[in-house]
Every structure is written in C-alpha cells, then in structure tokens.
Amino acid sequence: MSSQPAPQATRRNFRLSILNGAVMIGTSNSVASPELVLTAFAAYLTSNPLILGLIAPLQNATSSLPQYWTVGRLQRAERALPMYTFAAVLRTISWVVLTLTALLSDNTTVLLVTLIAFSTLGGAAAGVAGLPFIEVVGKVIPPRQRGIVFGWRGALGGILAIFGAQAVLLFTGPGARFDFPINYGLLFAFAGLTQMLGFFSFSLVKEPPANTQIEHPKPSLKAVGTILRHDENYRHYVGGRTLFELASMGNGLIIVYANQVLGVRLELAGMYLLVSSVLRPIFSVWAGRLSVRIGNRIPVAVGLLAQALGWAMLLLALPLGIEGRTAEYYMIPIYSLTAIQKGLIFSNLMALGLNVTPEDERPLYMGALNSWTGVVMFTGALSGVIAKTIGYEALFGLTMVLSVLSAWQFASLHERLDDGDAA
C-alpha cells in the first residue's frame with residue numbers, strides 16, 4: 001500500500017489538485033466545450049449530422065481508450081507524475097495546431113479535418129494522462145475527502161467557466177468583432193494557454209512513492225474477467241458507468257437539434273454556457289460537502305435523474321409547439337438541468353470510483369474501466385448516425401431511459417470509505 005503524505009504536504013496537494021481542476025474544468029466547460037463550442041465550430045463547417053454528432057464523443061472516447069495500456073507501466077513505477085507530464089506536452093501541441101489552423105486558414109475542409117484530428121489525437125493524449133492523474137489523486141487525497149476535493153474543483157471551475165462563457169459571447173455571439181474562423185482561433189488560443197496552467201499546477205503535486213515490490217496481476221482480459229466475476233460492487237459500478245456513457249451520447253446534438261429543428265440561433269451557445277456555468281459550481285460544492293456525510297453514490301444517482309428530466313423536456317418541445325424565440329428561452333432550463341447533472345456527476349463520480357476499487361490494484365481496476373468506457377463512448381460517436389436513422393426524438397427518448405437505469409445501478413453500490421464502512 002502506498003504511503004500517505006504528511007499533513008502539510010496533504011494541504012498543499014489539496015490546493016494544487018483543486019487549482020488544476022478549476023482551470024481544466026473552467027476551460028473544458030466554456031471556451032473549449034466539446035458539446036457547445038467545438039460542435040458549434042463544426043456546425044459552421046458542415047451540416048452533416050454524422051460529423052456533428054462525432055465531435056464531442058470522439059474526444060471523450062479517445063481520452064479513455066489508452067488507459068488500459070498504461071496499467072503495466074504504472075504498476076512498475078514509483079511515481080505516476082512523469083507520465084502525466086509527458087501527456088500534457090502532447091495535449092499542448094494539439095492545442096497549438098488547432099489554434100494556428102483556425103487563425104491562418106479559412107478552408108472549410110482543412111478546418112474540419114484539423115478539428116477531427118484534434119479531437120482524436122488530443123483526446124488520446126488526455127487518455128495517457130488520465131490514469132496517472134487518478135493514481136496521483138488516489139495517493140494524496142484521503143477517501144472521505146475525495147468528494148469534497150472534486151466538488152471544489154468543479155465549483156471553482158464553474159466560476160472560471162462563467163468568465164469563459166463571457167469570452168465565448170464576446171468572440172462568437174451576436175455583434176462579435178471578429179469574423180469566422182478568427183474568432184474561434186482566439187478562443188482556442190485562450191483555452192490552450194489556460195490548460196497549460198492546469199497541467200503545470202498538477203505537476204507540482206508532491207506524490208509519495210508507491211511500493212513497487214507488490215506482485216500485481218498482469219493486465220489481461222482474463223484478469224479483468226476474474227475481477228468482474230468476483231467483485232459484485234465493481235461490476236455494478238462498471239454497469240452504471242456504461243449506462244451513463246450511453247445516456248450521454250446525445251449531449252453534443254442538443255445544440256444541433258435546437259438549431260435545426262427548434263430554430264434556436266447558434267450565436268446563443270455562449271448564453272447557455274453562461275447559465276450552465278453559474279449553476280454548476282453551486283451543485284458541485286453541495287454534492288462534495290454532502291459526500292463527506294453520506295458518500296458519493298446518492299449525489300451521482302440524483303445527477304442522472306436530473307439528466308433524464310432534461311431529456312424529457314427536450315422531447316416535449318415540439319409537441320408543445322415550442323419553436324423560434326420561445327425555444328431559445330425554453331433551452332435555458334434544459335441546459336440548467338444539464339449543469340446540475342454535471343455538477344453532481346463530476347464532483348462525485350471519480351471519487352466513487354476510487355472508493356469502490358482496492359488501493360493497491362487501482363491502476364488495473366480503473367484502467368480497465370476507463371478503456372471499456374472509451375469503447376462505449378464510440379457508440380456516442382455514432383449518435384449522429386443513430387439520430388439520422390431513428391430520428392432525434394427516438395435518440396433522446398433512449399438516452400432518457402438509460403439515464404434512469406444508470407441512476408439505479410449507482411444507487412445500489414456499497415461504497416468503502418476511509419473507516420472501512422460501506423455507505
């Protein structure tokens with residue numbers, strides 16, 4: 001079992017972990033939001049729903065797939081931060097390429113290919129960083145405190161996202177001073193610089209060395225299958241994560257559906273970001289503080305039920321005759337429910353995963369889980385195909401049902417906290 005850092009180092013690690021999350025979340029949910037900014041950018045380049053539905057889930061999927069293949073290296077390493085730093089450099093390079101392309105080219109094909117390459121390669125680099133990040137957090141943050149740390153990361157990130165949303169409105173909203181694609185190039189430059197700050201802050205965490213003398217099971221499908229057969233709690237968590245990812249596959253198409261079907265202007269993406277950014281930190285802090293008392297599974301389940309309600313409202317828009325200017329206001333509560341879901345889920349989902357996996361085998365458990373969810377996320381990459389085949393309404397109805405099923409899976413978990421009790 002890895003040693004725990006001294007109290008002074010723990011406080012420092014708390015602050016650096018929160019700063020890293022605040023910066024990364026703030027940009028990922030505002031100026032670099034895959035579901036709003038990157039998808040809206042793509043919507044200027046193509047109207048093909050297959051491609052538009054690919055942008056958000058492609059980045060998410062490629063950020064999960066590489067994690068299983070980093071397990072063996074992490075099991076042998078005393079420290080995980082060097083691998084995180086290497087991946088951070090690759091992610092920075094991907095931001096530079098996307099920014100320069102948007103600033104220097106107005107060729108639609110070049111811009112679209114670069115965006116897809118960024119979503120794929122930048123996401124893969126994030127995947128290499130993902131498991132080292134989880135391992136470092138698991139080492140330096142005590143189990144009962146993980147929810148509140150993730151809560152503050154999400155809350156401060158939400159506050160920063162408010163300013164990011166203002167930047168989105170300034171550069172891409174009605175009356176913007178810069179033409180397309182220069183306006184998006186400026187947003188990407190800002191996103192890249194701020195994420196570099198997030199990378200740097202986490203690299204300063206004081207990570208205690210792991211015990212490399214422990215004999216770990218070799219990463220293999222057989223080993224993962226054995227874990228799933230014998231660890232019912234982990235099996236429920238994997239089921240919940242699988243359903244959650246499937247329930248989220250239509251997220252990137254909300255703004256597309258609102259624009260193409262309900263007549264909502266794309267220029268209002270920044271306003272919806274602002275609404276989401278105001279609400280998310282409130283629920284993020286609330287969920288983090290609540291998790292200290294009751295654990296993380298109930299806040300996660302409630303977040304998924306909020307997501308289901310958002311899908312239900314979206315499905316009711318056309319039957320209620322909500323279109324045009326009315327639809328632009330109607331989307332506010334829908335994005336508010338999305339913000340609630342993200343605030344609750346982000347604060348507690350990662351902490352919940354850390355608390356249902358054994359500490360000494362965390363790389364294998366979490367690496368296998370995240371790579372599997374990466375495979376599942378490719379279903380999300382097909383959301384445009386699904387929407388074109390069965391219609392937007394059928395897709396949103398399916399994701400609503402999956403949200404409820406995922407909430408049930410998470411609510412049935414037994415969470416191990418630092419005192420060894422189940423929550």
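The values are calculated or read from the model by the stated rules, or taken from the named source; none is laboratory data. Just so it is clear, the model here is predicted, and its values are computed rather than measured. Here Cβ is always computed from backbone atoms with ideal geometry, including for glycine, and neighbour counts include all displayed protein chains.
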- Got a sec? Which of 304, 315, 309, 290 is in contact with an Asp or Glu (Cβ under 9 Å, 6 or more places away or on another chain) and either closer than 26 Å to residue 162 by Cβ or modelled with pLDDT of 85 or more (or both)? 315
- Message: For the structure I just gave you, tell me whether residue 86 is in contact (Cβ under 8 Å) with a residue 24 or more places away in the chain, among the aromatic types (Phe, Trp, Tyr), surrounded by fewer than 20 Cβ atoms within 10 Å (Cβ to Cβ) and in a helix (DSSP H, G or I).
- Response: yes
- From the set of residues in the stretch 107-157 that are in a helix (DSSP H, G or I) and polar (S, T, N, Q), which is surrounded by the fewest Cβ atoms within 10 Å (Cβ to Cβ)? 109
- Just one of the numbered conditions (1) within 30 Å of residue 176 (Cβ to Cβ); (2) of a type outside the set (A, V, I, L, M); (3) touching a residue at least 40 places away in the same chain (Cβ under 8 Å) is not true of residue 310; which one? (3)
- If only one of 321, 240 is touching a Phe, Trp or Tyr at 6+ places or on another chain (Cβ under 6 Å), more than 25 Å from residue 46 (Cα to Cα) and modelled with pLDDT of 85 or more, which one is it? 240
- Write out, first by first residue and then by second, each pair whose Cβ atoms fall under 7 Å of each other, whose residues are 6+ apart or on separate chains, and whose first residue, in the stretch 172-199, is closer than 22 Å to residue 125 by Cα while the second is β-branched (Val, Ile, Thr) and part of a loop (DSSP other than H, G, I, E, B). 187/31; 190/31; 191/31
